[in-house]
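Shown next, in structure tokens, is the structure this report addresses.
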Protein chains: 2
Amino acid sequence: MEQVKTFLDDNEIPRQWYNIMADLPTPMKPPLHPGTGQPVTADDLTAIFPMNIIEQEVSTQRWIDIPDDVLQKYLLWRPSPLYRARNFEKLLGCPVQIYYKNEGVSPAGSHKPNAAIPMAYYNKVAGTKRITTETGAGQWGSALSMATQMFGLACRVYMVRVSYEQKPYRRMMMNTWGAECIPSPSNLTQAGRNVLAEHPDSPGSLGIAISEAIEDTVTSKDTKYSLGSVLNHVLLYQSIIGLEAQKQMQKLGLYPDVVMGCCGGGSNFAGIATPYVCDKIHGKQVKIVGAEPTSCPSMTKGPFAYDFGDLAKTTPLLPMYTLGHDYIPAPIHAGGLRYHGMAPIVSHLVRENFIEPRAYDQMKTFDAGVKWARSEGFIPAPETNHVLAAVVDEAMRAKEEGKEKVILFNWSGHGLVDMASYDAYLSGQLQAYELPDEEIQRALLAIKDFPKP
Amino acid sequence: MEQVKTFLDDNEIPRQWYNIMADLPTPMKPPLHPGTGQPVTADDLTAIFPMNIIEQEVSTQRWIDIPDDVLQKYLLWRPSPLYRARNFEKLLGCPVQIYYKNEGVSPAGSHKPNAAIPMAYYNKVAGTKRITTETGAGQWGSALSMATQMFGLACRVYMVRVSYEQKPYRRMMMNTWGAECIPSPSNLTQAGRNVLAEHPDSPGSLGIAISEAIEDTVTSKDTKYSLGSVLNHVLLYQSIIGLEAQKQMQKLGLYPDVVMGCCGGGSNFAGIATPYVCDKIHGKQVKIVGAEPTSCPSMTKGPFAYDFGDLAKTTPLLPMYTLGHDYIPAPIHAGGLRYHGMAPIVSHLVRENFIEPRAYDQMKTFDAGVKWARSEGFIPAPETNHVLAAVVDEAMRAKEEGKEKVILFNWSGHGLVDMASYDAYLSGQLQAYELPDEEIQRALLAIKDFPKP
């Protein structure tokens, strides 16, 4: 019998998160206050985040202790197993060993609870009574619904309308965990009403939903906002994926040649990648690849620029690869990857050549996903299919080069609540989509008056 | 930090299944050929099953080796983790420790692949090219779709129509794994056409779907039939659940006071229960409880009798608790528990007082399920909610009695593809349903001319 899974016992769970900010060889540009053009201060953020989270957002401390109450909730599904994809390896017939962290074992089915649990915890400690957020595919909204329920907080989720309609089960999951779920754009906020006035049939976007959630926060009592990706503290919480993977690979006596993840806002990718980026900064040879959709190719086609995180321009200006805060991505099924920007940390690491971005169209990603399901059994989320396309790509390169390679990637979640997208793919209703060049011109126009990083 | 999970490494997976037939203190009645009234022979079954599976169906050998090719597929998700439900314990506030096998970690989301993998394997070895089956909630159909794909067999699933409509994602899962899924009753078989002629709006039942799948098998080339529960060989394959649980409980230095599972056809329950029934037969003190729905209460209200396994009377006569082969259960959402009979092995053990049956209505079960989701995170399948109701019941008894108890149960699967049933529950559309007594009169009438066991 050939070993497939490598477990860590509950008492082997990492006790600290890893903060890549401590190890960057070149400093990142700060977020800017859009009014003053000056770096944002902690005070600028207190309207939407509690101070304990703001401190982590700006921290440069390398290791940050995970509170016991967070660890205890993590143990509901963490440490997640490290799998070897032996059947997929055989199917590809390439000289590669393929290992993956199975983040689909969480109650919400993805990596998202890694960040939702500490956010709910820190808000609870800070006295918050209610949290608002946005969600694309619904993975983040459902994870936060579960986490807030576990810590006794109320929760409202603004869900991108196209996903709300494509994935009704996500809304039902949020309700089952006790949260409200509102399709966005909605009539509940000025930001939503503005969009609906101009585009009554708007499919929505993460940028719009963020604007709605923030407006709800600043106009409500005892309410704070949570963002499911992009920001430094979110990436910090996700580092537990990579830290566990390093322990597990060490048990196997292996070090990966390639580390991969799919990229929407950047959090699951950074989760597996940043502990390896740290190694790379300190001289280790390792290729680190982020896979994004050709329909929303911020890293591979967008300019690196200061831009807003949301459509209504309520966030600070963030230094990142962006397709423009007014970009409404094509309604591809990988809703979790439909974001116009990329996490500043990930963007910085791409600019500094620690990370290599690649873009894949949805036909290639579903082809890889169906092959995976039919060999490994587990049906991947449409987002996860993007990293699978990159894994296939990398395996084929290894074959062409005649080199043996160890690939490690983050299997960010399962697709059991996304079956309609497989149905669309299998019945021939999907097609490839590449962002047209004129969209880049629009992006450049959207950001032209902002400071340059 | 308090330990939550107990893993077994891949190399600790059991290498043999356990066959309770070797340890029964009193012999079971044999299945009868309906034409002759004589015990069925292996030859009677060759039209629908391959000989290697028939041999296991009638085997009285205590331990049966699990083939390497089956073990290697089991390792995709087995050994499944043993969890302690610490948050649910706290919520209940009773003097109990609650442990459960999480069978939701399989690719299909339930225990069903434990049986589907060996069935596909043995059919492959026997030269079968195509398999037909029936499915209620869709758990079995999707598990067999995955398993047949992995062993290169074609597969057609007849899915009970009410579930087909309530759970469209299950059909899409089967398609993603490469199988056909047909709502039953269908026009593809005489059995289906007969039902539709009389009841064009029939919601279907497992009994009807079985008739269709068997008819399809005997009228097609190189085709065999698979049943997802009830029969001895299915219960044999599921014994791996209990065997793993015993190893894991042993690691914790514990022996359960109570072992529980939900009961439809009986396979997930027998899976966790039979290794403990063996202990009980040999003198160990342990309570073993099977939880069934009040809408389909074969064990608690049905007579023990010879009856057919399907509506069209194509199966042998099985000695079991039954509500009559012509029973069409109320369309409660726990589709996997909507079967008129109970596995002969489980029925025999109930008669011999090794197993205590209890019935719960769906309101109690969903109440328990929502409490579980909000404390433990994982959303249970509606079927699994029945054992949760029994766990709550048992915990309350422990409190009343002032006794400390260790409860072990089988968490048969997650409910992520059953969210519409939670939506119905949370929006007040469900109600309790108890089988009316006149239905028992109908059941007695249905079986009155059959031999008595």
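The numbers here are math on the coordinates, done by the rules we state, and not lab data. Keep in mind that this is a model prediction, so the values were computed, not measured. Virtual Cβ from ideal backbone geometry, glycine too; neighbours counted across all protein chains shown.
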> If you rank A:ARG84, B:ARG130 by fewest surrounding Cβ atoms within 10 Å, what's the result?
Replying inline: B:ARG130, A:ARG84
> Got a sec? How would B:SER375, A:SER226, B:SER106 order by Cβ neighbour count within 10 Å, fewest to most?
Replying inline: B:SER375, B:SER106, A:SER226
> A:TYR306's amide H: which non-local residues (gap 5+, or another chain) put their own amide H closer than 5 Å, with H modeled 1.01 Å from N in plane and none for Pro or chain starts?
Replying inline: A:MET320
>> Less than 23 Å apart at the alpha-carbon level, and either on another chain or at least 8 residues along: which lysines does that give for A:LYS313?
In response: A:LYS29, A:LYS221, A:LYS224, A:LYS301, A:LYS448, A:LYS452
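With N set to the number of residues, divide the alpha-carbon radius of gyration of the stretch B:134-221 by 2.2 N^0.38 Å and report two decimals. Walk me through the intermediate numbers first.
Numbers: Rg = 12.3 Å, N = 88, 2.2 N^0.38 = 12.1 Å.
In units of the globular-protein estimate, the stretch B:134-221 measures up at 1.02.
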>> Run the reach check for A:LYS371 against lysines, Cα to Cα strictly under 24 Å, same-chain hits fewer than 8 apart removed. What comes back?
In response: A:LYS5, A:LYS90, A:LYS101, A:LYS167, A:LYS399, A:LYS403, A:LYS405, B:LYS73, B:LYS112, B:LYS124, B:LYS129, B:LYS167
>> With the label 7 angstrom out along Cα to Cβ, how close does A:GLU198 come to the same site in each of the other copies, in nm, nearest first?
In response: 6.3
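For the protein assembly as shown, compute Rh as the Kirkwood radius over C-alpha pairs and then the Stokes-Einstein diffusion coefficient at 4 °C and 1.567 mPa s; write the answer in µm²/s, rounded to an integer.
46 µm²/s
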>> Please report, for A:VAL218, the nm distances (one decimal) from its label point, 7 Å out from Cα along the beta-carbon direction, to the equivalent points in the remaining copies, shortest first.
In response: 7.4
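Before rounding to the nearest 500, sum -39500 (n - 2.57) across all DSSP H runs of length at least 4 in chain B and divide by the residue total; then give [θ] at 222 nm in deg cm²/dmol. Don't skip to the answer; put the middle values down first.
Values: 18 runs with 189 residues, N = 453.
Value at 222 nm, helices only: -12500 deg cm²/dmol.
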>> Would you report the distance distribution of C-alpha pairs in the stretch B:49-95 as whole percents per 5 angstrom bin, up to the bin with the largest distance?
In response: 5, 14, 12, 14, 13, 11, 7, 11, 10, 4, 0
>> Per-residue Cβ counts within 10 Å, from other chains only, averaged over B:370-380: what number is that?
In response: 5
> P(r) for chain B: what percent of alpha-carbon pairs falls in each 20 Å bin, starting at zero?
Replying inline: 27, 62, 11, 0
>> For B:SER184, what residues show an amide H to amide H distance below 5 Å, using hydrogens built from the backbone and excluding near sequence neighbours?
In response: B:MET159, B:VAL160, B:ARG161
> What nm value, rounded to one decimal, do you get for the distance between A:GLU401 and B:ARG442 when each label is placed 7 Å out toward the C-beta?
Replying inline: 6.8 nm
> How many Cβ atoms of partner chains, on average, are near each residue of A:3-13 if near means within 10 Å of its Cβ?
Replying inline: 4
> Quick one: label points 7 angstrom along Cα→Cβ at A:TYR255, distances to the other copies in nm, smallest first?
Replying inline: 5.0
> Dipole of the stretch A:1-118 (Lys/Arg Cβ +1, Asp/Glu Cβ -1, origin at the Cα centre): which of A:ALA108, A:LEU24, A:ALA42 lies farthest to the positive side?
Replying inline: A:ALA108
> Cα convex hull of the stretch A:344-409: how many Å³ per residue?
Replying inline: 119 Å³
> Would you list B:ASP449, A:ASP307 from fewest to most Cβ contacts within 10 Å?
Replying inline: B:ASP449, A:ASP307
> So how far apart, in nm, are the two label points at B:GLU352 and B:ALA22 if each is 7 Å from Cα heading toward Cβ?
Replying inline: 1.5 nm
>> So for the stretch A:202-284, considering every pair of alpha-carbon atoms, how many percent are separated by more than 21 Å?
In response: 46 percent
> Can you give the average number of partner chain beta-carbon atoms within 10 Å of each beta-carbon in peptide B:417-430, as a whole number?
Replying inline: 3
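Can you tell me which of A:212-223, A:193-204 comes out highest on packing, and rank the rest after it, using the mean Cβ neighbours within 10 Å? Intermediate results must be reported in sequence, preceding the final value.
Numbers: A:212-223: 18.3, A:193-204: 14.8.
Output ranking for A:212-223, A:193-204: A:212-223, A:193-204.
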